[in-house]
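Read the structure below first, then the notes.
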Amino acid sequence: MLRFIGKRLVSLVVTLWVASLVIFLSLEVVPGDPAAFMLGLNAQEDTLAALRDELGLNKGAVERYVDWVGGMLVGDFGTSYTYRTPVAQMVLDRVQVSLPLALYALTLSTLIAFPAGIWAAARRGKPADIAVMGVTQLGVAIPNFWFAMLMVLVFAINLRWFNAGGFAGWDAGFFAAMKSLTLPAIALALPQASILARVMRSSLLDTLNEDFVRTARAKGLTRGQALWRHALRNAMIPVLTIIGLQFAFLMAGAIIIENVFFLPGLGRLVFQAISARDLIVVESVVMLLVFAVVLVNFLVDLAYAAVDPRLRGRR
Amino acid sequence: MNRNLVLGAGLTAIFLLAALLSFAWVPQDVTQMDIANKIKPPSAAHPLGTDHFGRDILSMIMVGARTSIAVALVAVGIGMGLGVPLGLAAAARRGGWLDEVIMRANDLVFAFPSLLIAIMITAVFGASALNAIIAIGIFNIPVFARLTRSGALSLWTRDFVLAARVAGKGAARISFEHILPNVTNLLIVQGTIQFSLGILAEAGLSYVGLGAQPPTPSWGRMLADSQTMVSFAPHMALFPGLAILLTVLGLNLMGDGLRDVLDPRLRRDRQ
Amino acid sequence: MTLLRIDGLSLDIRGTPILRDVSLSVEAGQIVGVIGESGSGKSMTAFSVMQLLPEGSVCSGRISLSGHEMLALSEDHLCRLRGNDVSMVFQEPMTALNPLKTIGEQVAETILIHERTSAEDARHRAAEALTRAELPQDRFPLSRYPHELSGGQRQRVVIAMAIALRPKLLIADEPTTALDVTTQAEILTLLKRLVQEDGMGLLMISHDLAVVADMADHIVIMRRGEVVEQGPAQSLLRGMRHPYSLALLAASDHVPDREGAPQDTPLLQVRDVIRDYPTPRKGLWGTPGTFRAVDGVSFDIRRGENLGLVGESGCGKSTLTRAILGLEEVQSGTIALDGAPVFAGHKPNRAVRRRMQVVFQDPYGSFNPRHKVGRLVCEPFHLLDNPPAGADRDRAIAKALESVGLSADDAGKYIHEFSGGQRQRIAIARALIIKPDLIILDEAVSALDVSVRAQVLDLLADLSDRFGLTYLFISHDLSVVRSITDRVLVMQAGKIVEQGETAQVFADPQHPYTQQLIAAAPQLPQDVRKLAHEH
C-alpha cells in the first residue's frame, strides 16, 4: 500500500515539474522579451528597462525558472504588473469563488448521475432506461454556457428567482453565497452528470454480466441484492476514472461559466490578465489549475486502492 | 438498420450540407450590415430573425457551420494523425522506455484541459481559429494514443499476432497489418465522439473570445454577441445554440449507432 | 422420494430451441453425470434447474426439486431455494468470486441471506465450510481475498459457499475443466467426499467421459439438446447402444494409425537451455529478482518423431515453445535445428525459422478476423526470400487447404465462416504451406470437442506420414499425448524430470511427479477402453 502511494507521489511530483517547465517555456521564453510583449510595441526603452528590472528579467532563464518555482513552493506567486498586488492574494480571493463552484457542481453531478445510472441499469431496456438514456443524450450534447444563458432567461429574467449574475460574497452569508452559485453549478453539472450517468449505467451492465454476479445469484441473492452488494462496487472503478477526468473539465468549464454569470473567479481573472497581457498572472493561474487537476487524479488513484484490494498488494 | 445511426447521420448530414451550400449560396450576405432591420424576430424574409447588425441569422448559422466543422475536423485529424502511431508504438514496445515516455507525456497533456492550452496559446500569440484548432488538436492526441494503445495491447496477446511473429514479421509490420485494422472500429467511434467534443470546445472558445475572431462567423461568437440582448431578443441566443446542440447530438447518436453496428460482441448480444 | 426429477423439459431462448424433451432424475446421495459436447445443452439443463437462465428463455415440462415445482415458483421463492436447497459450482474459478470481497464475507453471505443469525455465527460457520472444503483456517483465514489464491483454491471457496448450508442438491458445471490434472483429481475427490458425508445429490456436468465414468452412479448422454441415452454408469459404459454414444466412447480414447517410424538422426537439439524473467523489485529500492522459467533443459527430437511434452500450467512449456520458435532469446544454452542455431548473433535465424511452424490452441484467436483465409494461410511465405506470387501462390494455398481436407474455394472466405475444427485445419494448412520439417502443436487439440479432436489427430498422423513431418506435441492432456507420441518429456518447474518411450513412461513412471500426474489423470476402466477400440 505504502509502495503504491509512494509510486503515485513520485509520478505526481514529476508531472508537476514537467508541467511547470512547459508553462514557463511557453509563457516566458517563447515570446522572446516578456517585458516588450507585456508593454506592447510603442513602449519606451526606459519603461521597458524598468519593467525588466522589476520582473527580474535581466537574470538568465534558468535562474528565473528556479526563482519562480522556489517562490511558488513558499506561496510567493510574484506581483501582478497591472494590479500591483501580489498574485497570491488575488488568486486566494478568486479561489473562494472557483473552488466552491467546482465542488458544488461535482456534488450535484454525482448526486444526479449515480441514481440515474443505477436506475437505468437495473431497468435495462424498460421505459425508465430509455428515458434516462434520452435525457442524458441531450445533456451531453448541450453547450453548458448556452444552457446557462437559457437558465438566466427563464429563472433570473422571467421568474426572478435568482440574480442574473454576480457573486453575493461569503460575507453575505453562506446561503446567499450558495444561491448565487446555484445556476452556474447547475449549468456546469448537467453535461457532466449526463456523461457520468451513462458511464455508470454501462459499467454496471458490464459488471452484471460477470461470473461472480451469477455466483451470487446462485447463492440465493435477488437481482437487486446482487446489484447492490456485488456489482456496484466493482462498477465503480471506471466511474472513478471519469470523475477524476471530469474535475479537469469542471475547472475549465468554470472559466467559461464564470463569464456568463460575471462571477469573480479564477476564470475572470485569467481573461482580464490576458487582455492586460499580464503574463505573471496567467502563468501562475494556469500552474495552479494544473496542480488542482493533477492532485485530483492522485486522489482518484488513492480511491482505486481503497476500492480494490488487488492494488493494495499482498500482506 | 440501426435507428441511432440513421437519425444521427441524418442530423450530421444536414449541417454538413448547410456548410457546403454556404460556399455557393446563402439567403443573405453575412458581411452586409442592415441596421434598419436589426434584431428582428423570425419572419418570412428572415426565417430565424436578424442580429444586432441586421444580419440574417440563418445565413450566419450556415457560414458558422463551416468554422465549427473545419476546426473540429482538423483537430480530430491532428489527434488521430499523431495519437494513433504513438499508441501503436507504445503497445508494440509495451513496458519499454518508449511506452513509458509516451504514456507519461499523455498524462501530462491530460493535466492541461484544452481550454488551458488555448489560454496559454492566446496569451502569447493572440486569439484565432487556428489557435483553437491547435489547442483542441493537442488535447485529442492523448485520447487517441490511449485508446489505440489499450486496444492494441489486448490484440498483441492474441495468437494471430504470435503466428505473424512466427512468420518472421517485425513489430512495425504487425502493427499495420494486424493491429491497426482491428482497432479501426474503436477509432471510428471515438473519432465521431471527439468530433462532437471539438464542436463544443470550439463554440466555448469562440464564446469567450479565444477562438474565431470577427468577422469570421462562428456559433460561439453569435452566442456571445447575443448575451446582453437575451432578455429582449431571445431568438438571437436560441438558434445558434440549437445548431450546436443538434450537430453534437447528431454526431453522438451516429457514434452510438456505429458502435452497435461495428462491435461484433454487441451484435451477438442482440441476437 | 426422488430428489430431483426433470420431466419432458424443453427450453427455447428467444425462439431458438435449446433443449427438447429432457428427462432425468437424481436421488439423494447419488452422483449423476451429464455428458455432451459443446451445443449439447448440458449446461443449460443445469441452469434450468437453478432457474438462472438468460433473458428471453421459455421453459416447459416439469422440474421438481424435493417437492418444489421449480417452473411454477415465484422469483422470491426461487431465491429462498437457491443456495439453501440447491447450489451450484461453476467452470471458471478465476472469475466466479467477487474480487473486492474477502472469501470469508462471500461464504458467510450464503448463510446470512438465508438465516436470521448473527454475523459472528455466520463467520464461524463460514470457517467451518471452508475447512470442509479443505481450506484450513490456519493457512487460509477468512480475511483472504480471491486474488491471493490459486485457481484450485478459489474453486474450493466456491464449493464452500455452495455447501455452507448443506443443500440437498449440488450442481457442478464442468467444475474442473479449467484446472490442472492434479488439482482436478483433488477437487473430484473432495466433491465425492462431500456427497458421502452430507448425503446430497450431485448433478455433474462434463465434456469428459473419463471424469464422469470415474465419479458417477448414473450417466446421461446428451446431444443437440436431447438425451440420447442414459442408465446406471457401469452397465451403460459397457453396453452403449446409441450410435452417438458409441462414437463418443470411441473418440474419447482414439489412437490414430501411424506408419512411419522415427529415424535415428536428430532434427532439433536443445542443450542446457535457461530462460530467466525479471520479477518486480521488492520494496521501493530493492533490486529486481529473476524467475527461472526454463532451467537447464536438454533434449533431442529425431527426424520423423512425435515427441510429447507434458506439464501443468506454469511449468515453463510455453516459454520453451517461444524459445524454440526463435521468438525470444535464451540466457544460456543452445537450440539448433539440423545443427543451425535458431538465434544467431542475437537475431532470429530466418533460415531455421522457415523450417519450423506452430499450431496454437485457440481456434478462435489464431486468425486475424479481417483477412481472408487465402491471405491467412500464406502468411509464413514472409519467411521465404522469393515467395511465390500470383498463380503460384494461389496454387500453393489451394494445395495446403486440400491437404487438410478443405477446398481451394475456401481461400476466399473469412475465418468466421468456419467451425472450430475447420479453423484448426486452416491453422495446420498455414503451418504446412512452407513445407516445414518440424511442427510444434501447442495444445492444438485441447479446445476441440472429442469427436472433432479424433478427426484432427487422424489428420495429423496422416500428414506426418505423407510429408515426413516431425511433431513436438505440447499438452496438459495425458490421454492425447499417450495416443499420438513416440516419446514423452515430463516438465515440472522449468525442468525435465523424466523422459522416455511413451508406452514405457506411462506403464512404469519413475519420477514421483510423473507418477502423481498419471495417477491423477482420469481414465476409462480398462475393459471399457478395450470396447472403445473395437468400435
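Descriptive notes on the structure:
- Breaking point among (1) closer than 27 Å to C:Gly151 by Cα; (2) β-branched (Val, Ile, Thr); (3) open to solvent by 60 Å² or more (accessible area, probe 1.4 Å), for C:Val58: (1)
- Every residue from segment C:501-526 that is over 21 Å from C:Asp180 (Cβ atoms) and in contact with a Leu (Cβ under 9 Å, 6 or more places away or on another chain): C:Pro525
- The residues listed here are C:Leu135, C:Leu130; of these, the one that is more than 23 Å from C:Thr45 (Cα to Cα) and either surrounded by 24 or more Cβ atoms within 10 Å (Cβ to Cβ) or within 14 Å of chain A (Cβ to nearest Cβ) (or both) is C:Leu130.
- Enumeration of residues in segment C:6-30 that are open to solvent by 10 Å² or more (accessible area, probe 1.4 Å) and among the β-branched types (Val, Ile, Thr): C:Ile13, C:Thr16, C:Ile18
- Number of residues in segment B:62-114 that are touching a Phe, Trp or Tyr at 6+ places or on another chain (Cβ under 8 Å), within 14 Å of another protein chain (Cβ to nearest Cβ) and in a helix (DSSP H, G or I): the value is 5.
- Any hit, segment A:152-171, residues being more than 14 Å from chain C (Cβ to nearest Cβ), in a helix (DSSP H, G or I), touching a residue at least 24 places away in the same chain (Cβ under 8 Å) and surrounded by 22 or more Cβ atoms within 10 Å (Cβ to Cβ): yes
- Residue-level check: of (1) closer than 20 Å to C:Leu472 by Cβ; (2) of a type in the set (Phe, Trp, Tyr); (3) touching a Pro at 6+ places or on another chain (Cβ under 6 Å), C:Phe381 misses just (1).
- Test: residue in segment A:24-38 that is open to solvent by less than 70 Å² (accessible area, probe 1.4 Å), more than 30 Å from B:Arg104 (Cα to Cα) and without any contact (Cβ under 8 Å) to a residue 12 or more places away in the chain: no
- Qualifying residue in segment C:436-455 (condition: of a type in the set (Asp, Glu), more than 15 Å from the chain's Cα centre (by Cα) and open to solvent by 10 Å² or more (accessible area, probe 1.4 Å)): yes
- Among the residues making up segment A:1-31, those that are more than 10 Å from chain B (Cβ to nearest Cβ) and either touching a strand residue (DSSP E or B) at 6+ places or on another chain (Cβ under 7 Å) or of a type in the set (Gly, Ala, Ser) (or both) are A:Gly6, A:Ser20.
- Total residues in segment A:88-122, condition open to solvent by 20 Å² or more (accessible area, probe 1.4 Å) and either of a type in the set (Gly, Ala, Ser) or not in a helix (DSSP H, G or I) (or both): 3
- Scanning segment B:237-256 for residues that are closer than 13 Å to A:Met149 by Cβ, at the interface with chain A (Cβ under 10 Å from one of its Cβ atoms) and open to solvent by 10 Å² or more (accessible area, probe 1.4 Å) yields a count of 3.
- C:Arg154 passes every criterion in (1) charged (D, E, K, R); (2) within 11 Å of chain A (Cβ to nearest Cβ); (3) in a loop (DSSP other than H, G, I, E, B) apart from (3).
- Sub-8 Å Cβ pairs linking a first residue in segment C:262-286 that is on the phi > 0 side of the Ramachandran plot to a second residue that is at pLDDT below 80, at least 6 apart or interchain, are C:Gly283/A:Arg3, ordered by first then second residue.
- Looking across segment A:199-215, the residues that are surrounded by 18 or more Cβ atoms within 10 Å (Cβ to Cβ), at the interface with another protein chain (Cβ under 7 Å from one of its Cβ atoms) and either in contact with a strand residue (DSSP E or B) (Cβ under 9 Å, 6 or more places away or on another chain) or part of a helix (DSSP H, G or I) (or both) come down to A:Phe212, A:Arg214, A:Thr215.
- Segment C:76-122, residues that are at the interface with chain A (Cβ under 7 Å from one of its Cβ atoms) and over 28 Å from C:Leu149 (Cα atoms): C:Cys79, C:Arg80
- C:Asp264 in contact with a strand residue (DSSP E or B) (Cβ under 9 Å, 6 or more places away or on another chain), at pLDDT below 85, of a type in the set (D, E, K, R) and loosely packed, with under 13 Cβ neighbours inside 10 Å: yes
- Here B:Phe139, B:Phe160 are screened, and the one residue that is in a helix (DSSP H, G or I), more than 7 Å from chain C (Cβ to nearest Cβ) and of a type in the set (Phe, Trp, Tyr) is B:Phe139.
The values are calculated or read from the model by the stated rules, or taken from the named source; none is laboratory data. Quick caveat: nothing in here was measured; it's all calculated off a predicted structure. Neighbour counts run over all protein chains shown; Cβ positions are idealised from the backbone, glycine included. Remember, those area values only see protein heavy atoms, side chains included, never the ligands or the DNA or RNA. Shrake-Rupley method; radii C 1.70, N 1.55, O 1.52, S 1.80 Å.
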